[in-house]
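Structure, as structure tokens:
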Amino acid sequence: MYQFENELEIFKFSNFQINNMTTQELHDQVLNKLKAEFTDAVISSEVQYDFPVITVSKSKLYDILKFLKTNTDLGFEYLTTACGIHYPDVKGKELGMVYQLHNMPKNLRIRIKCFTALSDAIYPTITTIWPSANWMEREAFDFFGLRFQGHPNLIRILNTEDFEGFPMRKEFPLEDQTREDKKDYMFGR
């Protein structure tokens, strides 16, 4: 068995040369197929670390995810994760969802992002594509306040039903403002 000498060697082996296809080649292949099938739905794309990342419009999100799963050339049949994100400083795109998909037989991975305004935090459910998205969408609802139209049981999953607010949104100070024993200069601020 081959012994890796350091973490960088492991990273290069496992992430950049996937199934004789580089991450950039995978990015280009998926991007070209999505642009051919959904002309104006792709907003942006890039390679971040070891993932092709494609940002798509919310109106075509469901169709794009279904296409990525059912297209025989792509075959992203496994939903690794679906999670919410919050960027309060990006007006009109404060909330978003990130979907990480995996083609297990070929060991190919991609990330799909989709953003929305805080006032329109409703996404289509993908539980009809991946039943495992049920709890992931409930978590995004519970922690970020994202709603999923058509979800079979959209209730809080970890917080109590009477909990007010969404704890993963960046709406609260990181530290207790009443403490006097911590000064900003102690933390390089």
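The values are calculated or read from the model by the stated rules, or taken from the named source; none is laboratory data. Source: prediction; values computed, not measured. When we count neighbours, we look across all protein chains shown, and the Cβ atoms used for this are built from the backbone with ideal geometry, even at glycine. Quick note on the areas: whole protein, heavy atoms, side chains included, nothing else; ligands and nucleic acids left out. Shrake-Rupley method; radii C 1.70, N 1.55, O 1.52, S 1.80 Å.
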query: Considering only residues of the range 42-58 that are in contact with a strand residue (DSSP E or B) (Cβ under 9 Å, 6 or more places away or on another chain) and over 25 Å from Leu118 (Cα atoms), which is surrounded by the fewest Cβ atoms within 10 Å (Cβ to Cβ)?
result: Gln48
So Met186, is it modelled with pLDDT of 90 or more and either open to solvent by 30 Å² or more (accessible area, probe 1.4 Å) or touching a Leu at 6+ places or on another chain (Cβ under 6 Å) (or both): no
- prompt: Is it the case that Thr39 is open to solvent by 90 Å² or more (accessible area, probe 1.4 Å) and either at positive phi or at pLDDT below 90 (or both)?
  reply: yes
- request: Scan (1) modelled with pLDDT of 85 or more; (2) over 21 Å from the mean Cα position of the chain (by Cα); (3) not aliphatic (A, V, I, L, M) for the single condition Thr23 breaks and write down its number.
  value: (2)
query: Filter the range 143-156 for residues that are out of contact with any Ser or Thr (no Cβ under 7 Å at 6 or more places or on another chain), assigned to a loop (DSSP other than H, G, I, E, B) and open to solvent by less than 50 Å² (accessible area, probe 1.4 Å); which is farthest from Lys58 (Cα to Cα)?
result: Arg156
statement: Leu61 meets each of (1) part of a helix (DSSP H, G or I); (2) open to solvent by 30 Å² or more (accessible area, probe 1.4 Å); (3) under 16 Å from Ile110 (Cα atoms) with one exception, condition (2)
- request: Collect the residues in the range 128-137 that are of a type outside the set (A, V, I, L, M, F, W, C) and either open to solvent by 20 Å² or more (accessible area, probe 1.4 Å) or farther than 10 Å from Ala82 by Cβ (or both), keeping them in residue-number order.
  value: Thr128, Pro131, Ser132, Asn134
query: What number of residues within the range 99-119 satisfy the criterion of being surrounded by fewer than 17 Cβ atoms within 10 Å (Cβ to Cβ) and either of a type in the set (A, V, I, L, M, F, W, C) or in contact with a helix residue (DSSP H, G or I) (Cβ under 8 Å, 6 or more places away or on another chain) (or both)?
result: 3
